[in-house]
Amino acid sequence: MPIKLHTNVEGLNGELAIPGDKSISHRSIMFGAIAEGETVVTNFLLGEDCLSTIDCFKKMGVIIERQEEKVIIRGNGFEGLNEPSEVFDVGNSGTTIRLLLGILAGRPFHSVLIGDQSIGKRPMTRVTMPLQLFGAAINGRKNGEFTPLSIMGGNLKGIEYKLPVASAQVKSSLLFAGLQADGTTTVVEPVTTRDHTERMIKQFGGEVEKIGTTIRIKGGQKLTGTSIHVPGDISSAAFFLAAGAIIPESEIKLTNVGLNPTRTGIIDIMKDMGANITITQNIENEFEPSGDICIQSSALKGTTIGGEIIPRLIDEIPIIALMATQAEGVTIIKDAHELKVKETNRIDTVVAELTKLGAKIDATEDGMIIYGKSELTGGMVSSHGDHRIGMMLSIAAALSKEDVYLENEEAIYVSYPSFFDHLNSLI
């Protein structure tokens, strides 16, 4: 059943503690499982995607305890992972399946991985092909392009690999394999992507070398359990940053938001568009920087977004597109081919759904052109099973003076279970 969204909102005001970063939460479970000893993770994101990761590692015999937003993992190293008696079901989580494949590539047992309908359409050869170069045996539908996937790992040898596309998921998968391979593994990125995996290797006592866009890692390293505090997810914060900027009479403070420089493209773009945004950075630690962000209603102007900034804001493009509908002038988003292979084809989906609400927006081969300033109207919209589309449309509805109904709102709970509670608290 569709749900009726808040419309004609006259201002959003208040303070929010953004839920833990999804990317870091996933990795904390994975590294805790392959490290030796106890790892304690606080502010863990209890979204469906991250719970899928926990479930997969439990199936390999890893002891994982949940205590509200704290998770305790008792790892026994790579050798402590056991052959699962069940199929791994990653649900909707592309991060889970791609990074898990890198870990399984080095394990001398057989595994089968499946996911939901969306995962079944997402390309996996970008991961399976280089893992086969390491020596892993991987089979799947359409020659390993799609799930279900079957993998038999073990006896890996380090490789040198140049990524054809900028993908933190692929890079991370190869680094997990490299930790288990004989010799050194070298991964070269076309442009820098989010570096949570490299930071976490160091946090768990490992060594990784990074020079420019080249990353090198030696196999055979032993990792040690540690403590991880997960900062708030900037990709989740982006929806309220945009809302605060485009909804009149708004002022919102977001606390403890992750400010990793490989993820802050959204802030750079908002400043470029003229957003009234201020940041108070916490004392930076060696793991992940964070801080508080304040946003006020702003007079935005159109801009052009493309090139090396795209990997730093790829997940925020749907909400950036909405902001652009409320900016003066034209906004062009280009070089964003990766949007086509997310939970949905986000280029087509963003354009179709915002058009339903009266936005003037055109799809291009690698992005979109948005014509501001649009007055948004009511209608029936859908998340298409994509959490970021669902949240973007919920913020869009707040600008409409007519009723807006959202289908498949449950997709939002994949990454932000408290999204509607947080939105309601600001109205």
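The values are calculated or read from the model by the stated rules, or taken from the named source; none is laboratory data. Quick caveat: nothing in here was measured; it's all calculated off a predicted structure. Here Cβ is always computed from backbone atoms with ideal geometry, including for glycine, and neighbour counts include all displayed protein chains.
Among the residues of region 322-335, what is the count of those that are buried (at least 23 other Cβ atoms within 10 Å of the Cβ) and either assigned to a helix (DSSP H, G or I) or of a type in the set (A, V, I, L, M) (or both)?
6
Each row is one residue, and each column tells you yes or no for (1) out of contact with any Leu (no Cβ under 8 Å at 6 or more places or on another chain); (2) among the β-branched types (Val, Ile, Thr); (3) touching a residue at least 24 places away in the same chain (Cβ under 8 Å); (4) in a strand (DSSP E or B).
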position	(1), (2), (3), (4)
Leu174	no, no, yes, no
Glu207	yes, no, no, no
Arg216	yes, no, yes, yes
Leu241	no, no, yes, no
Gly244	no, no, yes, no
Lys253	no, no, yes, yes
Val257	yes, yes, yes, yes
Asn260	yes, no, yes, no
Thr278	yes, yes, no, yes
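Name the residues in region 289-310 that are at pLDDT 95 or above and assigned to a loop (DSSP other than H, G, I, E, B), would you?
Ser297, Ser298, Ala299, Leu300, Gly302, Thr303, Gly306
For Asp195, which of the numbered conditions (1) under 29 Å from Gly390 (Cβ atoms); (2) acidic (Asp, Glu); (3) over 20 Å from the mean Cα position of the chain (by Cα) fails to hold?
(3)
Of the residues Leu376, Leu354, Leu393, Leu339, which single one is in contact (Cβ under 8 Å) with a residue 60 or more places away in the chain and either buried (at least 18 other Cβ atoms within 10 Å of the Cβ) or not in a helix (DSSP H, G or I) (or both)?
Step by step, each of Leu376, Leu354, Leu393, Leu339 is checked, and only Leu393 is in contact (Cβ under 8 Å) with a residue 60 or more places away in the chain and either buried (at least 18 other Cβ atoms within 10 Å of the Cβ) or not in a helix (DSSP H, G or I) (or both).
From the list Glu79, Glu65, which one is surrounded by fewer than 23 Cβ atoms within 10 Å (Cβ to Cβ), without any contact (Cβ under 8 Å) to a residue 12 or more places away in the chain and under 24 Å from the mean Cα position of the chain (by Cα)?
Glu65
Consider region 126-167. How many of its residues are more than 17 Å from Pro190 (Cβ to Cβ) and part of a helix (DSSP H, G or I)?
Number satisfying all stated conditions: 9.
Can you find a residue in region 181-193 that is crowded, with 22+ Cβ neighbours inside 10 Å and part of a strand (DSSP E or B)?
yes
It is to be established whether one or more residues within region 161-176 are over 22 Å from the mean Cα position of the chain (by Cα) and among the aromatic types (Phe, Trp, Tyr).
Scanning region 161-176 turns up at least one residue that is over 22 Å from the mean Cα position of the chain (by Cα) and among the aromatic types (Phe, Trp, Tyr).
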